[in-house]
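Here's the structure, in structure tokens; my notes come after.
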Amino acid sequence: VAPDFERLVRDDAAPLEARKQALFWLGQGDLPTRDLARLYDALKAYTLREHFTFVISQRRDDLAIDKLIEIARHDPDLQVRKQAMFWLGQIHDPRAVKFFQDLLIR
């Protein structure tokens, strides 16, 4: 099912809600985090990028936290960056704490 969901997430012509649901279920499934993280680059819609921050936050591995930090630093949309920061604040990981410390010190 994962390849079909991945195609749906990448399909700009598909309904946005269907793409969000496919993204959610990919995050809940056994798709490796590195493959889930790669999907972010294909997400052009603000709503999908924002939803991605929640989906990846449900994974508590190093790659997921790194991806959230990357989004918090580099997403072109301020609201998506804020959403990534919100989820980082919920994780209580030392790298997330360092990210916030670095942000405040600048």
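Observations on the structure shown:
- Descending by average beta-carbon neighbour count within 10 Å, the peptides 96-103, 65-72, 31-38 line up as 65-72, 31-38, 96-103, the highest first.
- Helix 78-91 and the longest principal axis of the Cα set of the chain meet at an angle near 70°.
- Residues 25, 87, sorted by accessible area with the largest first, give 25, 87 [1.4 Å probe; ligands and nucleic acids excluded].
- Angle between the chain longest axis and helix 16-28 axis [Cα atoms, degrees, rounded to 10]: 70
- Selected from 78, 88, 43 as most flexible by GNM, with the chain as the system and alpha-carbon contacts under 10 Å: 78
- Note on residue 106 and residue 91: the extension gain reaches 3.2 nm, defined as 0.36 nm multiplied by sequence separation minus the Cα-Cα distance.
- Modelled label positions at residue 25 and residue 7, each set 7 Å beyond Cα in the direction of Cβ, lie 1.4 nm from each other.
- Solvent exposure of the chain as accessible area per residue, Å², 1.4 Å probe: 58
- Peptide ranges 51-58, 12-19 listed from the most packed, as the mean C-beta count within 10 angstrom indicates: 51-58, 12-19
- Counting protein heavy atoms only, the chain has 55 percent of its accessible area on carbon and sulfur, 1.4 angstrom probe.
- Cα-based convex hull, region 1-79, per residue volume (Å³, whole number): 78
The values are calculated or read from the model by the stated rules, or taken from the named source; none is laboratory data. The structure presented is a predicted model; accordingly, all values stated were derived computationally and were not measured. As a convention, Cβ positions derive from the backbone with ideal geometry for all residues, glycine included, and neighbour counts pool all protein chains shown. Just the protein is used for accessible areas: all its heavy atoms, side chains included, with ligands, DNA and RNA removed. Shrake-Rupley method; radii C 1.70, N 1.55, O 1.52, S 1.80 Å.
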